[in-house]
Amino acid sequence: MNAPPFPVRASADRDDSAQAALSLPRGLIGARCGVCRKEGRFRPVAERGPMPTALRLPLALPVRAHNAGLFVYRGEGRHGDRTIDSHELIFVRQGVLRMYEERQTFAAGPGEALILRAGRRHGGSEAYPKALSFYWIHFEGPAGIPTRKRSRGRNAAKAGTLEVPRCGPVARPDRLAELFHWFLNDQEAGALTRASADLLLLQMLQEVARRRLPEEAGDESGAALAAQANRLIRTRFHEELQTSSLAQELDCNPDYLGRVYRRAYGYTLTEGIHRARLKEARALLLEGRQGIDRIARAVGYGDPGYFRRVFRRQEGLSPRAYRRLHARMHINTR
């Protein structure tokens with residue numbers, strides 16, 4: 001992806017060791033504790049000499065972020081053929097992106113991620129489909145990222161490694177999208193430091209590596225039913241969905257459906273419907289072409305006031321404030 005140079009901004013007192021400052025209470029830095037026997041309390045006993053005001057921590061992360069952006073299809077073209085010296089993480093918002101890397105082909109749909117490796121020729125295996133959009137970020141990492149073969153998650157965790165799949169669904173797509181939002185906003189505002197960029201990237205890779213919850217559920221039939229319900233929610237969130245209507249369509253008991261869904265995803269069916277609607281609402285807010293009331297109705301809320309309350313409860317700010325907060329992002333169309 002073509003993008004302006006990565007605008008990481010370092011503070012004036014930083015060196016190449018990527019150190020960061022952590023603010024701590026001034027009176028307790030560089031002090032040793034003494035006991036006030038009379039009052040039976042601890043009190044700081046200051047050392048002689050100047051009082052330090054910060055604790056400097058070296059940050060040695062296994063990955064290094066470059067630039068990032070949001071690609072939005074504008075009606076023509078396909079991904080060019082190229083070989084670059086960095087890895088690329090792609091997270092699809094809408095449509096299906098079909099790519100190749102040397103002799104291997106991939107197809108990533110909504111809510112799925114794809115990693116293209118450094119030094120490998122890649123490009124589009126087909127022309128861009130209509131309504132395609134995806135986030136992307138370039139990064140450097142050890143030769144072992146990503147791995148060709150995946151070991152069991154527990155064994156990888158014990159070894160202190162992070163195994164990132166090349167292509168597949170993301171367990172928490174909303175969380176990954178939010179991480180991209182933070183990265184892109186700070187990048188465009190010139191407020192992205194080296195430390196924050198690399199930490200955000202590492203969190204993105206952790207989200208991609210995270211196992212999907214239904215795969216961990218002990219009840220395989222229940223997990224499959226929960227996944228069916230979730231697919232219906234993702235495609236029909238704009239309709240008047242309820243637990244009873246979903247259960248009727250899936251030919252099962254509403255209480256049982258609610259239990260297996262909560263066990264699989266960690267929240268109720270009602271919350272799942274809200275999350276799907278709010279995900280689409282966030283995307284429409286970022287596009288900036290529609291009013292708040294119209295967006296509310298488009299995602300399934302007949303009462304715009306109720307939509308505002310649900311949005312504020314979930315996001316911590318109003319839809320209008322969310323739009324202003326995330327207004328600055330690098331968007332490319334080629």
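The values are calculated or read from the model by the stated rules, or taken from the named source; none is laboratory data. None of the values given here were measured: they were computed from a predicted structure. Quick reminder, even Gly has a Cβ in these numbers, built from the backbone with ideal geometry, and neighbours come from all protein chains shown.
Observations
- Candidates in the stretch 171-203 are the residues that are under 18 Å from Glu88 (Cα atoms) and touching a His at 6+ places or on another chain (Cβ under 8 Å); of these, the one that is surrounded by the fewest Cβ atoms within 10 Å (Cβ to Cβ) is His181.
- Test: residue in the stretch 148-163 that is part of a loop (DSSP other than H, G, I, E, B) and modelled with pLDDT of 85 or more: no
- Being polar (S, T, N, Q) and within 26 Å of Leu97 (Cα to Cα) is a property that holds for Thr235.
- Subset of the stretch 101-145 (residues that are closer than 14 Å to Leu176 by Cβ and β-branched (Val, Ile, Thr)): Ile115, Ile137
- Residue pairs meeting the criteria (Cβ under 7 Å; at least 6 apart or on separate chains; first over 14 Å from Glu280 (Cβ atoms), in the stretch 310-328; second modelled with pLDDT of 85 or more and of a type in the set (Lys, Arg)): Ser318/Arg308; Ser318/Arg312
- Filter pass, Tyr267 being assigned to a helix (DSSP H, G or I) and among the aromatic types (Phe, Trp, Tyr): no
- From the options Leu241, Leu232, residue that is part of a loop (DSSP other than H, G, I, E, B), of a type in the set (A, V, I, L, M) and either assigned by TED's automatic domain parsing to the domain that holds Ala281 or surrounded by fewer than 19 Cβ atoms within 10 Å (Cβ to Cβ) (or both): Leu241
- Residue pairs meeting the criteria (Cβ under 7 Å; at least 6 apart or on separate chains; first without any contact (Cβ under 8 Å) to a residue 12 or more places away in the chain and closer than 18 Å to Lys279 by Cβ, in the stretch 220-238; second part of a helix (DSSP H, G or I) and among the aromatic types (Phe, Trp, Tyr)): none
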